[in-house]
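The values are calculated or read from the model by the stated rules, or taken from the named source; none is laboratory data. The model shown is predicted, which means the values in this text are computed figures rather than measured ones. Every residue, glycine among them, receives a Cβ derived from its backbone with ideal geometry; neighbour counts consider all protein chains shown.
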Amino acid sequence: MRHPLTFALVWLITLTAFGQTKRQSVQRPVLIGVDIAKPVLSLISPYRTAFRLGEVTVKVPIAGNRYLSVVAGYGQARSDTIYRNIRMKLSGPYLKIGTERLMSSGLLVGWHGMTALTQETATYSYRGPTFGDYVVTAFDRQRVVVGMEGFFGYQQTLSDRLIFRVSGRATVAGLFGTRSKNEPAVLFVPGVGVALGDPVAVGFGLGLHVFYRTNPRPVAVSQP
C-alpha cells in the first residue's frame, strides 16, 4: 500500500471538521496531538532492533466530559538475528477508535478498539562456499490485527493552546492470517508495539502527548 495512512487521515480530517461544527454547542475544543515518545523510541535500538514509529491523535468532544478518541499511526521494526540466523521486518498502519473520560483533576481513563494491517517478512542467511553469505526469504506475508486496549493518564494545561499528557496503556490483539507452527513468533505488532505472544499478542506502552487546541479556552470577563 503506497500511502498506508491515507484512509486514517481522511477519518481524522472528517472528525476534526465534525468537532468544529459541534463546537458552539459543547463549548469545548477539538484536540489534535502527537506522541512525542514515538520519535524518541525510533532512535533507540535495544538488542540492535531498529524502530520507526509515528502517531497522530484527534479528540472530539461528545456528551458530558467524554471525548471520541481516534488514533492513526504507523510502526516498523527491523530485528537483528533472533533465531537460527533469521532476521525479521515487521511493519504496517493501524487505526484506533474509542472514547475517554476526562475528570476535572486532569486524570483520564478510556478504551480503544483497534485494527491494523501488518506486513511480516523474514530472511534466513547461511554461509556460502564461494561467494560469502546467502540470504533467502523464510516467509513474506500479511496479516490483519484486531484488538482492544485500555488506557489511563494525566494531562496538564501548558497554555491556552497546548496540553501535555502522559498515559499508559495495555493492549490485547489477535493476528489473523497464515502462520506455520515452525515459524518464529513476531516481536512487534503495529498498534501494539513490542508484543508477547502470537497469534494472540499482548503489549504495554507509555505515551507522552502534546495536544493543540483548535480554539483557546473561553476566558471569563467580569461585567462592570
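Restricting the range 166-190 to residues that are surrounded by 15 or more Cβ atoms within 10 Å (Cβ to Cβ) and charged (D, E, K, R) leaves a set whose member that is farthest from V200 (Cα to Cα) is R169. Here A170 does not qualify as over 21 Å from L107 (Cα atoms), of a type in the set (A, V, I, L, M, F, W, C) and either outside any strand (DSSP E or B) or modelled with pLDDT of 90 or more (or both).
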